[in-house]
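Quick one: the structure is below, questions incoming.
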Amino acid sequence: MIIAVSGTPGVGKTTVSKILSERLGYEYVSIKDFALAKGIGEKVGDEIEIDVDELSRAVGEEFSGRDVVIDGHLSHLVPADVVVVLRLHPKMVAERLESRGYPRKKLAENVEAELVDVILVEAIEENENVIEVDTTGKTPDEVVDEILSLLNSGVKRRVGIVDWSWAYDDVVQYLMLGGD
Ligand code: ADP
Ligand code: MG
């Protein structure tokens with residue numbers, strides 16, 4: 001089965017995907033590395049722009065029938081049996097991206113995306129089977145335990161468990177309201 005692990009940058013996708021794949025005995029796949037290896041994606045400035053339709057086709061061809069955990073913030077857009085969307089309090093997203101040296105504008109965009117559920121909404125539009133997990137205050141192992149316990153009990157859809165609107169005041173300082 002194909003498990004996609006998606007979420008805003010910094011929420012812990014790579015950390016969780018690696019542990020999850022080990023615990024399940026599945027292959028670990030970074031979607032970005034896969035795209036680059038397949039020659040999908042164009043460098044636009046210092047960013048890589050990936051054609052999602054092309055990526056979806058390539059993922060389907062390569063991985064259908066295999067057991068994989070696909071890690072990346074585009075993974076909710078490719079064919080998967082279940083999409084796990086990791087969530088994290090947007091202030092912690094901001095702090096993690098700050099420590100990664102994200103430029104102010106990119107940081108603002110991503111904090112806002114987490115605040116208003118962008119990846120979750122996209123995932124729900126693409127896939128019936130979406131499991132949302134709040135990672136705030138949990139260790140990576142605890143997050144993986146929660147995912148495995150949901151999957152093992154046959155849960156295929158669990159969404160709507162976080163609402164960051166109450167956290168707005170904590171992150172307004174990071175947002176670029178009214179543009180740059
Ligand atoms: P992503 O792949 O979503 O961008 P990473 O897995 O690279 O996120 O994690 C971003 C940072 O946060 C890393 O420094 C990682 O060690 C840390 N991290 C990830 N998950 C947790 C967690 N549950 N608790 C504390 N720190 C975490
Ligand atoms: Mg990552």
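The values are calculated or read from the model by the stated rules, or taken from the named source; none is laboratory data. Being a predicted model, the structure only gives us computed values, none of them experimental. Note that we place each Cβ from the backbone using ideal geometry, even for glycine, and neighbour counts take in every protein chain shown. In case anyone asks, the SASA skips ligands and DNA or RNA and just uses the protein heavy atoms, side chains included. Shrake-Rupley method; radii C 1.70, N 1.55, O 1.52, S 1.80 Å.
Nearest 500 deg cm²/dmol is fine: what mean residue ellipticity at 222 nm does the chain get from its DSSP H runs of n ≥ 4 alone, each adding -39,500 (n - 2.57), divided by its residue count?
After summing the helix terms and dividing by residue count, I get -13000 deg cm²/dmol.
Going by amide H atoms built from the backbone, whose H comes under 5 Å of the H on Val82, apart from near neighbours?
Those lying under 5 Å, H to H, from Val82 are Ile2, Ala4.
Here's another thing I want to ask about it. For the chain, compute Rg over Rh where Rg is the Cα radius of gyration and Rh is the Kirkwood radius from the inverse mean 1/r over Cα pairs.
0.96
With +1 on the Cβ of every Lys and Arg and -1 on the Cβ of every Asp and Glu, and nothing else charged, how large is the dipole of the chain about its Cα centre, in debye rounded to the nearest 20?
Values: 19 positive and 35 negative charges, 73 e Å.
Magnitude of the dipole: close to 360 debye.
May I ask for the net charge around Leu77, where only other residues with Cβ less than 10 Å from the Cβ of Leu77 are counted and Lys, Arg are +1 while Asp, Glu are -1? Provide the component values of the computation, followed by the final result.
Details: positive: none; negative: Asp53, Glu122, Glu125, Glu126.
For residues surrounding Leu77, the net value is -4.
Whole-Hz ³J(HN,Hα) for each residue in the stretch 23-28, computed from phi via Karplus 6.51 cos²θ - 1.76 cosθ + 1.60 with θ = phi - 60°, x for glycine and proline: what do you get?
Each residue's phi maps through the Karplus curve to give 5, 8, x, 9, 5, 9 Hz.
Continuing with the same structure: Provide the per residue accessible area, probe 1.4 Å, for the chain, rounded to a whole number of square angstrom.
Values: 9230 Å² over 180 residues.
About 51 Å² of surface per residue is accessible.
Of the heavy-atom accessible surface of the chain (probe 1.4 angstrom), what whole percent is carbon and sulfur?
For the chain, the apolar C and S fraction of the accessible surface comes to 47 percent.
With Cβ to Cβ distances under 10 Å as the rule, what net charge do the other residues near His89 carry (K, R +1; D, E -1)?
The answer is -2.
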